[in-house]
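Quick notes on the structure that follows.
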Amino acid sequence: MAIHDRQSKSAHARALSKTEGVWNFGSGIQAVTPVSRVSEEVYKEHGLTAYKKGQGITPGHSNTAGVLYPVFDPGAQIFKCFGCHSTGGLDFQPASGIQPKELGVRCESCHGQGGDHVARPSKFNIFQPRNLNGDGLNDFCGNCHRQPPKEGEDTNWSDPWNVRHQPVYLSQSQCFQKSAGKLTCLTCHDPHGARPTRNACADCHASPKHRTVKTGSCTSCHMKAVKPSQYLTFTNHWIR
Ligand code: HEC
Ligand code: HEC
Ligand code: HEC
Ligand code: HEC
Ligand code: HEC
Ligand code: HEC
């Protein structure tokens, strides 16, 4: 099926892999950070990350020694890493360590359990995220990409690292707030594709005052790229 083929190449599907006992977090579109098990109850996030533009220190680290994550820390941090980068739940056994059911963000991460649907295919027994409106998709994709701030929650808008939380930023846009739920992540992205974006500005802004600019470049001024480090670039989803 076409979606399977396309999806297996997508960044979502490639968000986690394992080679020679080391877990590789990230598809490599921007970065791959290795994580290894250093003892029965401790994992290490390596201090060096392979960025597309070369090796460098891992985000959030202060040196290249790496950061240790005990499996039984109260925040369960290492389980959260595996949780967002894999599908179908995690198993932990002292002998084998953390074992995700499926590597990467695959069908059931977004469409829910599909057992019934496979046995008796019907559109009524599978979750269809497209039925969600803009707020619904911000929350849904925000399960991993971070949800918009709740009432009373603070966001530091001048911290460039926060720009990687697209639902948080999109939710602040006039385009989002004043279009009655019509502007969603899916207006511009195909969650099955590799690096898909569609220029959707003309859907709602048929003739901005400055018509002279080429359509393809709307985002270069209104969704500016932000570089929180020399290695990483994110797109500011607060359209303005
Ligand atoms: C289960 C967690 C999860 C959910 C749910 C999820 N994502 Fe992602 N998404 C990820 C991870 C992890 C990556 C990083 C992939 C990589 O390694 O590059 C990612 C990457 C992406 C990318 C970037 C690919 C690129 O071009 O760099 C886009 C776009 C994206 N997600 C959109 C969405 C949209 C839209 C939704 C909701 C329909 C969604 N995601 C839901 C976890 C998730
Ligand atoms: C709350 C969910 C969540 C947790 C927890 C999480 N990630 Fe991610 N991770 C994401 C999403 C979503 C992206 C894509 C963000 C983007 O590129 O905008 C991502 C991107 C990445 C990337 C870059 C991928 C690329 O191709 O550019 C790496 C590397 C990565 N994560 C490693 C880790 C590691 C290591 C941990 C644990 C220490 C971790 N992540 C914990 C959701 C999560
Ligand atoms: C990151 C989340 C995500 C993942 C992973 C994902 N999907 Fe989807 N899927 C969606 C969303 C969101 C839509 C609605 C897309 C739209 O309407 O633009 C969708 C739509 C679909 C549709 C309806 C398409 C159509 O054109 O009517 C099918 C079928 C589908 N997905 C199958 C799959 C299969 C099979 C996989 C795994 C190979 C998969 N999806 C993985 C989020 C996801
Ligand atoms: C679903 C419809 C929709 C889409 C798609 C959309 N916008 Fe908007 N946009 C709006 C609405 C509605 C407003 C508010 C207009 C008003 O208040 O008069 C707005 C406002 C704006 C503003 C003014 C923002 C401010 O803070 O003053 C800019 C700039 C803008 N849009 C640019 C864009 C660009 C560039 C794109 C494509 C990346 C885009 N829009 C896509 C609906 C949309
Ligand atoms: C108005 C169009 C538009 C909407 C709506 C939109 N995006 Fe994007 N997104 C873009 C563009 C443009 C890029 C940059 C694409 C590129 O560099 O290939 C991008 C890039 C991304 C990336 C790659 C990392 C980055 O920051 O550059 C992720 C992840 C992502 N979007 C997730 C989302 C999610 C989740 C939503 C819904 C909350 C969303 N986007 C809504 C246009 C949009
Ligand atoms: C070279 C930078 C640049 C590019 C490219 C650009 N804009 Fe703008 N845009 C601006 C600036 C600056 C303003 C605010 C000043 C003004 O109102 O003219 C603005 C204002 C706007 C507004 C709000 C005012 C209005 O016209 O109603 C919208 C909507 C908008 N742009 C849409 C777009 C769209 C759609 C595209 C792509 C076709 C685009 N812009 C390309 C710089 C740019």
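Throughout, read-outs are computed from the coordinates displayed, never taken from laboratory work. Remember, it's a predicted structure, so these values are computed and weren't measured experimentally. Cβ: placed from backbone, ideal geometry, glycine included. Neighbour counts: every protein chain shown.
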Please go through region 16-99 and write out the chymotrypsin sites (Phe, Trp or Tyr not before Pro) that DSSP classes as loop and that have at most 14 other C-beta atoms within 10 Å. F72
How would region 1-55 be classified by its alpha-carbon gyration tensor: rounded, prolate or oblate, with rounded meaning a/c under 1.5 and the a/b versus b/c comparison settling the rest? oblate
Using a/c under 1.5 as the rounded threshold, could you call region 2-109 rounded, prolate or oblate? The axes a ≥ b ≥ c are square roots of the C-alpha gyration tensor eigenvalues, and prolate needs a/b larger than b/c, oblate otherwise. oblate
Rounded to whole Hz, the Karplus (6.51, -1.76, 1.60) HN-Hα couplings of region 78-93, x for glycine and proline: 5, 5, 5, 4, 5, x, 6, 9, 9, 10, x, x, 10, 10, 10, 10
Region 129-235 - convex hull of the alpha-carbon atoms, volume per residue in Å³: 134
Please list 3J(HN,Hα) in residue order for region 25-32, calculated via the Karplus relation 6.51 cos²θ - 1.76 cosθ + 1.60 where θ = phi - 60°; whole Hz, with x for glycine and proline. 8, x, 7, x, 4, 10, 6, 10
How large is ³J(HN,Hα) for each residue in region 229-240, as worked out from phi by the Karplus curve 6.51 cos²θ - 1.76 cosθ + 1.60 (θ = phi - 60°), to whole Hz, x for Gly and Pro? 8, 5, 9, 10, 10, 10, 9, 6, 7, 7, 5, 6
Cα gyration tensor shape for the chain, rounded if a/c is under 1.5, else prolate or oblate: oblate
When only C-alpha pairs under 8 Å and at least 6 residues apart count, what is the relative contact order of the chain, in percent? 16
Where nothing but the Cβ of Lys and Arg (+1) and of Asp and Glu (-1) is charged, how large is the charge dipole of region 110-158 around its Cα centre, in debye to the nearest 20? 380
Give me, ordered by chain and number, the residues 5 or more places off L48 or on other chains with an amide H under 5 Å from its own placed amide H. T58
Mind ranking 153-166, 179-192, 28-41 by how tightly packed they are, going by the mean number of other C-beta atoms within 10 angstrom, highest first? 179-192, 28-41, 153-166
For region 104-176, the percent of all C-alpha pairs falling in each 5 Å bin, from 0 up to the bin holding the max distance, is 3, 14, 20, 20, 14, 11, 9, 5, 3, 1, 0
